[in-house]
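The values are calculated or read from the model by the stated rules, or taken from the named source; none is laboratory data. Everything quoted here is computed from the prediction, not taken from an experiment. No Cβ is skipped: glycine too gets one built from the backbone with ideal geometry, and neighbour counts run over all protein chains shown. Just the protein is used for accessible areas: all its heavy atoms, side chains included, with ligands, DNA and RNA removed. Shrake-Rupley method; radii C 1.70, N 1.55, O 1.52, S 1.80 Å.
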Amino acid sequence: MDVAVIGLGYVGCPLLKRCLEKGLSAIGVDIDVNRIQDLSKGINKISTLDTSTFPNYVIAGKLKLSSTFDVLKEAEAVIICLPTPLTKQHTPDLSYIESSVKSIAENASKSVLVMLESTTYPGTTIEVMLPVLEKAFGKVGVD
């Protein structure tokens, strides 16, 4: 199974590493090109996480790192791990999630499993993500 993790920060990068350690093929997506280049060399700015094995996974064909969403065509599951900083009104800024869901809808296959791992309010999946995914793929959960 190819698992794609969108957002390779404090949540996404450890999750990506764990997927690899458990034997899954994985895709890491982050719009920060420098982060992608660093991770492909095993360099990570998160001091508590050792990513020195990432180049070995890339060479073995078990890990693909990308700053674009077109690689989602290969994913069976996509896990969104993006920041939701608070706005001035003290509500989560969902713009990163909204943007990534649009990119998922444009690039992933119809049968993809999409999960949200970002900190946000209850209802985000149904109210924000579901309409975009159903517009692209039809009724969610049918096939």
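The set of residues in the stretch 11-35 being more than 11 Å from the chain's Cα centre (by Cα), part of a helix (DSSP H, G or I) and of a type in the set (A, V, I, L, M) consists of LEU20, VAL33.
If you go through the stretch 55-80 and keep only what is touching a Ser or Thr at 6+ places or on another chain (Cβ under 7 Å) and either crowded, with 17+ Cβ neighbours inside 10 Å or β-branched (Val, Ile, Thr) (or both), you end up with VAL58, LEU65, PHE69, ILE80. Looking at ASP38, is it surrounded by fewer than 13 Cβ atoms within 10 Å (Cβ to Cβ), of a type in the set (D, E, K, R) and not in a loop (DSSP other than H, G, I, E, B)? No; evaluated as a whole, the condition is false for this residue. Would a scan of the stretch 74-96 turn up a residue that is aliphatic (A, V, I, L, M) and assigned to a helix (DSSP H, G or I)? No - not one qualifying residue is present in the stretch 74-96. For the stretch 1-10, a residue qualifies if it is within 15 Å of SER100 (Cβ to Cβ) and assigned to a loop (DSSP other than H, G, I, E, B), and the qualifying residues are GLY7, LEU8, GLY9. When the stretch 97-130 is limited to residues that are in a helix (DSSP H, G or I), touching a helix residue (DSSP H, G or I) at 6+ places or on another chain (Cβ under 9 Å) and open to solvent by 70 Å² or more (accessible area, probe 1.4 Å), the one that is nearest to LEU72 (Cα to Cα) turns out to be GLU106. Note on the stretch 116-141: residues that are farther than 21 Å from LEU86 by Cα and out of contact with any Asp or Glu (no Cβ under 8 Å at 6 or more places or on another chain) amount to 9. The single residue among PRO83, PRO92 that is surrounded by fewer than 17 Cβ atoms within 10 Å (Cβ to Cβ) and not β-branched (Val, Ile, Thr) turns out to be PRO83. Screening the candidates THR68, THR84 for the property of being farther than 22 Å from ASP2 by Cβ and either of a type in the set (A, V, I, L, M) or within 17 Å of the chain's Cα centre (by Cα) (or both) yields one hit, THR84.
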